[in-house]
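Asker: Handing you a structure now.
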Amino acid sequence: MYRQGSLEVNALSGVDLWVKPKEFVSIMGSSGSGKSTMMNILGCLDKASSGKYILDGIDISKVKDKDLSEIRNKKIGFVFQSFNLLPKLSAIENVELPMVYAGVEAKKRRQRAEEALIKVGLEKRINHRPNELSGGQRQRVAIARALVNKPSIILADEPTGNLDSKSTIEIIDIFQKLNDDGVTIVMVTHESDVAMYTKRIVTFKDGLKIDDRLVEKQMKAGDI
Amino acid sequence: MNVLENVSSAFRNVFANKMRTILTMLGIIIGIASVIAISSIGNGSQKEIESQFDELGVGRMIVQLRSNSPRNMFSSDALSYEDYEEIKKIEGVKLISPTISSNFFSVKLLEKGETNSSNITGVTEDYYEIMSPNLLYGRYIKESDVEEKSKVVVITDTTSLKVFGYCNESVIGQKISIKSWKGSKNYFVCGIVENKNAETEMQYENEYPENIIMPITSAQRLFGQKTLTNITLVAEDPDKSENLSERVISRLDEIHQSSEKYSCESTTEQLEAMNEVTGTVTLLISAVACISLIVGGIGVMNIMMVTVTERTREIGIRKAIGARNKDIMLQFIIEALILTILGGLLGIVFGILIGQVAGYILGVKSVVSLNAVLIAFIISSFIGIVFGVYPARRASLLDPIEALRYE
């Protein structure tokens, strides 16, 4: 149940979704379909009014609100459509931020942030600020930030929505490589051609899950 | 997130918007600066009063005719040498000296040929112990001087410098000329004492009269006057000075067959009364200045509210990647604290400077007390916390989903 104004709307109902480790799932649906609510619940930013959410063996519905931040910090990596980097911090400082809240010591933090930036191919721009980077590069910083605490799952909300087609392919390529390395990814998108690069497509409509199928022939971004 | 990291990132945020930071701090700066300036001026004048009393000798009591007596005064009411001898007999009097002083005489400065006005005080031997001056050379007035009406004087080191151009052992035994309407008379310098007010007097150059002490009998002859200015005494037991004061007054009333004409006040009481007045005035003005501190605090709160709103999205991002509510809270409180503490420190610096300048203009030495500085520092930190908590709490309670959506 989701409250919007004075009207109570059931954003999602009767949804049953099981994401296995190492999966690469895309969630599709038009606006108002409930996919954003789904992402908020998966991301522990919101709690479902009823039902159960188990992440990595933890029953999130039973976790206290103030402990959710730790779950978000350690178990979840967010990638947003509008990148959501802190403009005053350099690329590497943005990547370090989740580790700051995790209490990782400064030296180790820098080292792990560098490794993460190398993974997304941005080792030459670690000291640039977000406004000195292109959209694709910004999203790569965001992916590095999402990765850096080794989360159980990466949640990407329309990660290519603000990117041109070339950058889109680059970002998808990074996701696929990460997935090949064993990272679990759930990605919201409304572009079906982007969804074709994932392994499984779940479709929502009016708060209901209307379709859930495996992609027969996953496209490889690296081939293009 | 540890506090140190929070502090350095807060500094970056605070200095990212320099103009706004300075304007916000201005309220705190003005508030703290005025408190510091006022308290140091108040403190300085208090110290000055104390040193003046110190020169008079704290702990002693002064017997004199009441200036505000409701009765008519007659010449027979004036204090006489006989009164002194009677009071001396009263039990509980430890030291006693009659004094007679006048300002209408001038001293010839032999070397330069100039004259300067003088403040001549006639005393007896006990006066030395009552005032306990620092005797540099020679000796003080003795009982034999009083009996023989010796033409000897005790001068201060500053007078010696002015009259002889130097101040050492060789001044003792030299002549100094005192001019009255009867003409000049020469006196032998028998002792030199330290001028405790030399520093203050320096500021006023020659406006201060020379302080000269001589045997009371010699002074009576010089002035052509028998009556005493006052009688100075020290009680054996300072705690019983009130009791002694009553006995002295009733004895005088008895001798002169009068009432309500004499007073016998302890200088400590006077000092306390004076200090209380300056203290109250200082406190009152400081309290007014504190109002500007509160206004400054509200300014800080206002700007913190703006900052929180402006950075809603940042707060959302930080929360999404794992910042706890208390991390966000701490971040904004530290930013508010930096504003007020930095403002407080600048205020302290400006306050000291303003105090110096105002002190110079008012002719009062400004004395900055460590207490005032510490209190100012504590107050500015306190304001930071008090006025920072509400905006910080609002920031920490933002819903991450809403915050992330904020444009």
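The values are calculated or read from the model by the stated rules, or taken from the named source; none is laboratory data. Just so it is clear, the structure is predicted and the values come from calculations on it, not from any experiment. Note: ideal-geometry Cβ built from the backbone for every residue, glycine included; neighbour counts use all protein chains shown.
Asker: For region A:143-151, check the following and say yes or no: at least one residue is within 14 Å of chain B (Cβ to nearest Cβ), part of a strand (DSSP E or B), touching a strand residue (DSSP E or B) at 6+ places or on another chain (Cβ under 7 Å) and not hydrophobic (A, V, I, L, M, F, W, C).
Answerer: no
Asker: Can I ask one more? Before we move on, is B:Ser292 among the hydroxyl-bearing types (Ser, Thr, Tyr), assigned by TED's automatic domain parsing to the domain that holds B:Ala392 and in a helix (DSSP H, G or I)?
Answerer: Yes; evaluated as a whole, the condition is true for this residue.
Asker: Follow-up. Here's a check for you: in region A:14-31, which residue that is part of a loop (DSSP other than H, G, I, E, B) and surrounded by 14 or more Cβ atoms within 10 Å (Cβ to Cβ) is farthest from the other protein chains (Cβ to nearest Cβ)?
Answerer: Ranking the candidates gives A:Glu23 first.
Asker: May I pose another question? Hey, could you check region A:62-80 for residues that are touching a helix residue (DSSP H, G or I) at 6+ places or on another chain (Cβ under 7 Å) and under 23 Å from B:Leu4 (Cβ atoms) and say which is nearest to the other protein chains (Cβ to nearest Cβ)?
Answerer: Across region A:62-80, the extreme among qualifying residues is A:Asn73.
Asker: Determine if region B:217-237 includes at least one residue that is more than 25 Å from B:Ser75 (Cβ to Cβ), in the same structural domain as B:Asn116 (by TED's automatic domain parsing) and among the aliphatic types (A, V, I, L, M).
Answerer: Initially, region B:217-237 is screened for residues more than 25 Å from B:Ser75 (Cβ to Cβ), giving B:234-237.
Of the ones still in play, those that are also in the same structural domain as B:Asn116 (by TED's automatic domain parsing) are B:234-237.
Filter again for among the aliphatic types (A, V, I, L, M), leaving B:234-235.
Within region B:217-237 (the criterion being more than 25 Å from B:Ser75 (Cβ to Cβ), in the same structural domain as B:Asn116 (by TED's automatic domain parsing) and among the aliphatic types (A, V, I, L, M)), the answer is yes, since at least one residue qualifies.
Asker: Of all the residues that make up region B:1-28, how many are surrounded by fewer than 24 Cβ atoms within 10 Å (Cβ to Cβ), more than 14 Å from chain A (Cβ to nearest Cβ) and hydrophobic (A, V, I, L, M, F, W, C)?
Answerer: Of the residues in region B:1-28, 4 are surrounded by fewer than 24 Cβ atoms within 10 Å (Cβ to Cβ), more than 14 Å from chain A (Cβ to nearest Cβ) and hydrophobic (A, V, I, L, M, F, W, C).
Asker: Only one residue in B:Phe53, B:Phe11 is of a type outside the set (Val, Ile, Thr) and either within 30 Å of B:Thr268 (Cα to Cα) or touching a Pro at 6+ places or on another chain (Cβ under 8 Å) (or both). Which one?
Answerer: Selected residue: B:Phe53, the only one of B:Phe53, B:Phe11 that is of a type outside the set (Val, Ile, Thr) and either within 30 Å of B:Thr268 (Cα to Cα) or touching a Pro at 6+ places or on another chain (Cβ under 8 Å) (or both).
Asker: Among the residues in region A:105-124, are any of a type in the set (Lys, Arg), crowded, with 19+ Cβ neighbours inside 10 Å, within 13 Å of chain B (Cβ to nearest Cβ) and closer than 17 Å to A:Val183 by Cβ?
Answerer: No.
Asker: Give the residue, chosen from A:Asn131, A:Asn127, that is assigned to a helix (DSSP H, G or I) and surrounded by fewer than 18 Cβ atoms within 10 Å (Cβ to Cβ). Steps first, please.
Answerer: Values: A:Asn127 fails: assigned to a helix (DSSP H, G or I).
Answer to the selection: A:Asn131.
Asker: Considering only region A:81-96, I want to know if a residue exists there that is within 8 Å of chain B (Cβ to nearest Cβ), among the acidic types (Asp, Glu) and either under 16 Å from B:Arg324 (Cβ atoms) or out of contact with any Phe, Trp or Tyr (no Cβ under 8 Å at 6 or more places or on another chain) (or both).
Answerer: no
Asker: With the requirement that a residue be farther than 20 Å from A:Lys47 by Cβ and hydroxyl-bearing (Ser, Thr, Tyr), what does region A:63-102 give you?
Answerer: A:Ser82, A:Ser90, A:Tyr101
Asker: Do we find a residue being in the same structural domain as B:Ile29 (by TED's automatic domain parsing), more than 21 Å from B:Gly44 (Cα to Cα), at pLDDT below 95 and in contact with a helix residue (DSSP H, G or I) (Cβ under 6 Å, 6 or more places away or on another chain) anywhere in region B:365-381?
Answerer: Checking region B:365-381: at least one residue is in the same structural domain as B:Ile29 (by TED's automatic domain parsing), more than 21 Å from B:Gly44 (Cα to Cα), at pLDDT below 95 and in contact with a helix residue (DSSP H, G or I) (Cβ under 6 Å, 6 or more places away or on another chain).
Asker: Report yes if A:Lys52 is within 12 Å of chain B (Cβ to nearest Cβ) and either more than 28 Å from A:Ile118 (Cβ to Cβ) or touching a Ser or Thr at 6+ places or on another chain (Cβ under 9 Å) (or both), otherwise no.
Answerer: Numbers: within 12 Å of chain B (Cβ to nearest Cβ): no; either more than 28 Å from A:Ile118 (Cβ to Cβ) or touching a Ser or Thr at 6+ places or on another chain (Cβ under 9 Å) (or both): yes.
Against the criterion (within 12 Å of chain B (Cβ to nearest Cβ) and either more than 28 Å from A:Ile118 (Cβ to Cβ) or touching a Ser or Thr at 6+ places or on another chain (Cβ under 9 Å) (or both)), A:Lys52 does not qualify.
Asker: Of (1) in contact with a helix residue (DSSP H, G or I) (Cβ under 6 Å, 6 or more places away or on another chain); (2) surrounded by fewer than 17 Cβ atoms within 10 Å (Cβ to Cβ), A:Asp59 satisfies all except one. Which?
Answerer: Here A:Asp59 meets the rest and fails (1).
Asker: For region B:194-201, state whether one or more residues are hydrophobic (A, V, I, L, M, F, W, C) and either closer than 28 Å to B:Gly363 by Cβ or part of a helix (DSSP H, G or I) (or both).
Answerer: yes
Asker: Could you please find all residues in region B:360-375 being crowded, with 18+ Cβ neighbours inside 10 Å and under 19 Å from B:Ile30 (Cβ atoms)?
Answerer: Across region B:360-375, the qualifying residues are B:Ser366, B:Val368, B:Ala372, B:Val373.
Asker: May I pose another question? When you scan region A:43-52, do you find a residue that is surrounded by 15 or more Cβ atoms within 10 Å (Cβ to Cβ), within 20 Å of the chain's Cα centre (by Cα), among the charged types (D, E, K, R) and assigned to a loop (DSSP other than H, G, I, E, B), even just one?
Answerer: Scanning region A:43-52 turns up at least one residue that is surrounded by 15 or more Cβ atoms within 10 Å (Cβ to Cβ), within 20 Å of the chain's Cα centre (by Cα), among the charged types (D, E, K, R) and assigned to a loop (DSSP other than H, G, I, E, B).
Asker: Working carefully through the options B:Leu345, B:Leu330, B:Leu353, B:Leu337, find the one that is in a helix (DSSP H, G or I), assigned by TED's automatic domain parsing to the domain that holds B:Ala10 and free of Cβ contacts under 8 Å to residues at least 24 places away in the same chain.
Answerer: B:Leu353
Asker: Counting only residues that are buried (at least 18 other Cβ atoms within 10 Å of the Cβ) and not hydroxyl-bearing (Ser, Thr, Tyr), which one in region B:302-312 is nearest to B:Thr24 (Cα to Cα)?
Answerer: Looking at residues that are buried (at least 18 other Cβ atoms within 10 Å of the Cβ) and not hydroxyl-bearing (Ser, Thr, Tyr), I get B:Ile303.
Asker: May I pose another question? Tally the residues that are of a type in the set (A, V, I, L, M) and either under 27 Å from B:Ile379 (Cα atoms) or away from every other protein chain (no Cβ under 14 Å) (or both), restricting the search to region B:309-344. Step through it out loud before you land on a result.
Answerer: So in region B:309-344, the residues of a type in the set (A, V, I, L, M) come out as B:315, B:317, B:320-321, B:323, B:328-330, B:333-334, B:336-339, B:341-342.
If we keep only those that are either under 27 Å from B:Ile379 (Cα atoms) or away from every other protein chain (no Cβ under 14 Å) (or both) too, we end up with B:328-330, B:333-334, B:336-339, B:341-342.
Final tally of qualifying residues: 11.
Asker: Of the residues A:Ile201, A:Ile153, A:Ile210, A:Ile171, which is under 15 Å from the mean Cα position of the chain (by Cα) and either under 22 Å from A:Glu114 (Cβ atoms) or surrounded by fewer than 20 Cβ atoms within 10 Å (Cβ to Cβ) (or both)?
Answerer: None of the others qualify; the one that does is A:Ile171.
Asker: In addition: Taking region B:153-170, which residues are surrounded by 20 or more Cβ atoms within 10 Å (Cβ to Cβ) and of a type in the set (Gly, Ala, Ser)?
Answerer: Result: B:Ser160, single match.
Asker: Could we say that B:Ser76 is more than 23 Å from B:Tyr127 (Cβ to Cβ), free of Cβ contacts under 8 Å to residues at least 40 places away in the same chain and not in a loop (DSSP other than H, G, I, E, B) here? Spell out how you get there, then give the answer.
Answerer: Numbers: more than 23 Å from B:Tyr127 (Cβ to Cβ): yes; free of Cβ contacts under 8 Å to residues at least 40 places away in the same chain: no; not in a loop (DSSP other than H, G, I, E, B): yes.
No.
Asker: So, one more: Can you confirm whether region A:126-142 contains a residue that is among the hydroxyl-bearing types (Ser, Thr, Tyr), more than 9 Å from chain B (Cβ to nearest Cβ) and closer than 27 Å to A:Lys166 by Cα?
Answerer: Residues of region A:126-142 that are among the hydroxyl-bearing types (Ser, Thr, Tyr), as a first pass: A:134.
Keeping just the survivors that are more than 9 Å from chain B (Cβ to nearest Cβ) gives A:134.
Subset that is closer than 27 Å to A:Lys166 by Cα: A:134.
Looking for residues that are among the hydroxyl-bearing types (Ser, Thr, Tyr), more than 9 Å from chain B (Cβ to nearest Cβ) and closer than 27 Å to A:Lys166 by Cα, one finds at least one in region A:126-142, hence yes.
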